[in-house]
Amino acid sequence: MNSRKLALLILGVLLLLAGLVFSLQGANVITGSPLMSGNSTYIYVGAIVAIIGLALLALSIRSGKEPVSPMATSSPQSQ
């Protein structure tokens, strides 16, 4: 696993978790922050952060796969 893929994977997981925590605090499911708990703005901010995290996760997974060239899979033609 190369360092770019690993960095995207770690950043994606962290953003996804942070987004979930923000959303749950905004929905007042998780309490503890007087600023964030019960504030609906953080539901939307958390959802956006979580979506960005998911996109980075998808990018890290997708970046590891080599595209298959149609020429690579075709059999050589005899003349």
>> Checking Gly38 against (1) at pLDDT below 95; (2) at negative phi, only one condition comes out false. Which one?
In response: (2)
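Within region 1-35, can you find the residues that are of a type in the set (Gly, Ala, Ser) and either modelled with pLDDT under 90 or under 12 Å from the mean Cα position of the chain (by Cα) (or both)? Can you show your working first?
First pass over region 1-35, keeping only residues of a type in the set (Gly, Ala, Ser): 3, 7, 12, 18-19, 23, 26-27, 32-33.
Selection gives Ser3, Ala7, Gly12, Ala18, Gly19, Gly32, Ser33.
Looking only at residues in region 1-39 that are polar (S, T, N, Q) and touching a Gly at 6+ places or on another chain (Cβ under 6 Å), which one is surrounded by the most Cβ atoms within 10 Å (Cβ to Cβ)?
Ranking the candidates gives Ser23 first.
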>> Criterion first (over 30 Å from Arg4 (Cβ atoms) and either modelled with pLDDT under 95 or surrounded by fewer than 13 Cβ atoms within 10 Å (Cβ to Cβ) (or both)) does Thr73 satisfy it?
In response: no
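The values are calculated or read from the model by the stated rules, or taken from the named source; none is laboratory data. All values derive from a computational prediction rather than experimental measurement. Neighbour counts are summed over all protein chains in view; Cβ atoms, including those assigned to glycine, are modelled from backbone coordinates with ideal geometry.
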